[in-house]
Structures are given as structure tokens and as C-alpha cells.
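The values are calculated or read from the model by the stated rules, or taken from the named source; none is laboratory data. No experiment lies behind these values; they were computed from the predicted model shown. Cβ atoms come from the backbone with ideal geometry, glycine included; neighbour counts cover every protein chain shown.
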Amino acid sequence: MVEWTDFERATIQDIFSKLDYPSVGLNALARCLVVYPWTQRYFAKFGNLYNAAAIMGNPMVAAHGLVVLHGLDKAVKNMDNIKAAYAELSVLHSEKLHVDPDNFRLLADCITIVVAAQMGAAFTPEVQAAFQKFLAVVGAALRKQYH
Ligand code: HNI
């Protein structure tokens, strides 16, 4: 089981209580699709992902970014049992969507960059450490049902 310090718990709760979900969702997913273009293959039904401007302006990217971020709420609410909370989502990404699990880390890094940009100086190294630990645990939970 993952151990969390009081600081880590408080930091995660604080970040998510102030998060601009639509903005972080769109910007993080769009960044992932631009920086790591092979991730576009999973989103063929989203239509026009031709370039960075098309990706940023695509309403399906915005909608799905929001879905992913609200997916993180589940981990925030179940910090002591993230693996169990994500069991179903892990099966979905593995067996139905066939998402290469390496991509979880890439999207997590994009989420970190966008949150850091929005928080500015408040995103201290200690806050970054807590946030990246949280996203690493989420990624491990999403990888759990892969075999
Ligand atoms: Ni992901 C669907 C959460 C990473 C590709 N994804 C979802 C759903 C949630 C979700 C929630 C909706 C499930 C449902 O409909 O029941 N995804 C997350 C989270 C992460 C993540 C929390 C990591 C932080 N997903 C990724 C990555 C990819 C990905 C890295 C591919 C690069 N996800 C998908 C695809 C779908 C999806 C594809 C289905 C989209 C659709 O609309 O059909």
C-alpha cells in the first residue's frame, strides 16, 4: 500500500479543490497529442487532429480532457486504495482500448506541466514531488490489470 504524508495528502486535496478542470483537461490532453503524436491513434474518432491548432480547437479533445481529469477525482477520493478504485478503468484501457501503458506516464507529465504553469510559484519542488507521486500511483493502478 502507498504511504502518504500529511503534506502530500493536503497538497493533492488543495490542488484538486482549486483546479480549473476544463482548462487543465484540454491543455494537458492537447499537449500529449501534439508532443507525442503516436497517442493520436487512440482518438481516430475525434476527427481533425491535423496540427496543434486543430487539436486545441477540437471539442472532442476538450470533452475527453475533462473526462480524464474527472477520472482523477476517483483517485483523490480514494488515496488509500487507488488500485481498487481503478480496477475497472485499468481493464478498459487494457482490454478494450488497447492503450500502450507507457502512455500513462506521458499524459501524466503533460498534466504536471499544465498544472505547474497555472500554479506558478506555488508549484514548489515539494508540491511537484507530491503531485508526481500521486500521478505515478494513478499510472501504476491503470497498469495493474495489464497482462
Ligand atoms: Ni483514458 C477513456 C481516464 C490515460 C485513452 N480514460 C477514459 C475514461 C476515463 C479515462 C475516466 C472514460 C471511461 C469510460 O467511458 O468508462 N485515461 C484516464 C486517466 C488517465 C488516462 C485517469 C491517466 C491519467 N487514456 C489515457 C491515455 C490514453 C487514453 C494515456 C491514450 C493515449 N481513454 C483513452 C481512450 C478512451 C479513454 C481512447 C475512450 C475514449 C472514447 O471516447 O471512447
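Kindly evaluate LEU66 against the criterion of being under 16 Å from ALA108 (Cβ atoms), part of a helix (DSSP H, G or I), hydrophobic (A, V, I, L, M, F, W, C) and in contact (Cβ under 8 Å) with a residue 12 or more places away in the chain. In short, no. Looking across the range 34-49, the residues that are over 18 Å from LEU135 (Cβ atoms) and assigned to a helix (DSSP H, G or I) come down to VAL34, PRO37, TRP38, GLN40, ARG41, TYR42, PHE43, ALA44, LYS45, PHE46.
Here VAL68 meets each of (1) under 16 Å from the mean Cα position of the chain (by Cα); (2) away from the ligand (no atom under 11 Å from the Cβ) with one exception, condition (2). When you check ASN51 against the structure, is it over 23 Å from MET119 (Cβ atoms) and away from the ligand (no atom under 13 Å from the Cβ), yes or no? It is true that ASN51 is over 23 Å from MET119 (Cβ atoms) and away from the ligand (no atom under 13 Å from the Cβ).
In the set (1) at pLDDT below 95; (2) within 14 Å of GLY25 (Cβ to Cβ); (3) not charged (D, E, K, R), MET56 fails one condition alone, (1).
Inspection of the range 50-57 finds no residue satisfying the criterion of being in a helix (DSSP H, G or I) and within 22 Å of TYR146 (Cα to Cα). For the range 76-86, state whether one or more residues are closer than 22 Å to ALA140 by Cβ, among the small types (Gly, Ala, Ser) and either near the ligand (Cβ under 10 Å from one of its atoms) or free of Cβ contacts under 8 Å to residues at least 60 places away in the same chain (or both). Looking through the range 76-86, at least one residue is closer than 22 Å to ALA140 by Cβ, among the small types (Gly, Ala, Ser) and either near the ligand (Cβ under 10 Å from one of its atoms) or free of Cβ contacts under 8 Å to residues at least 60 places away in the same chain (or both).
Going residue by residue through the range 118-138, is there one that turns out to be under 13 Å from LEU26 (Cβ atoms) and either among the aromatic types (Phe, Trp, Tyr) or out of contact with any Leu (no Cβ under 6 Å at 6 or more places or on another chain) (or both)?
Step one: list which residues in the range 118-138 are under 13 Å from LEU26 (Cβ atoms), which gives 118.
Applying the additional criterion that residues be either among the aromatic types (Phe, Trp, Tyr) or out of contact with any Leu (no Cβ under 6 Å at 6 or more places or on another chain) (or both) yields 118.
Yes; the residues of the range 118-138 include at least one that is under 13 Å from LEU26 (Cβ atoms) and either among the aromatic types (Phe, Trp, Tyr) or out of contact with any Leu (no Cβ under 6 Å at 6 or more places or on another chain) (or both).
When MET60 is tested against (1) assigned to a helix (DSSP H, G or I); (2) buried (at least 17 other Cβ atoms within 10 Å of the Cβ), only condition (2) is not met.
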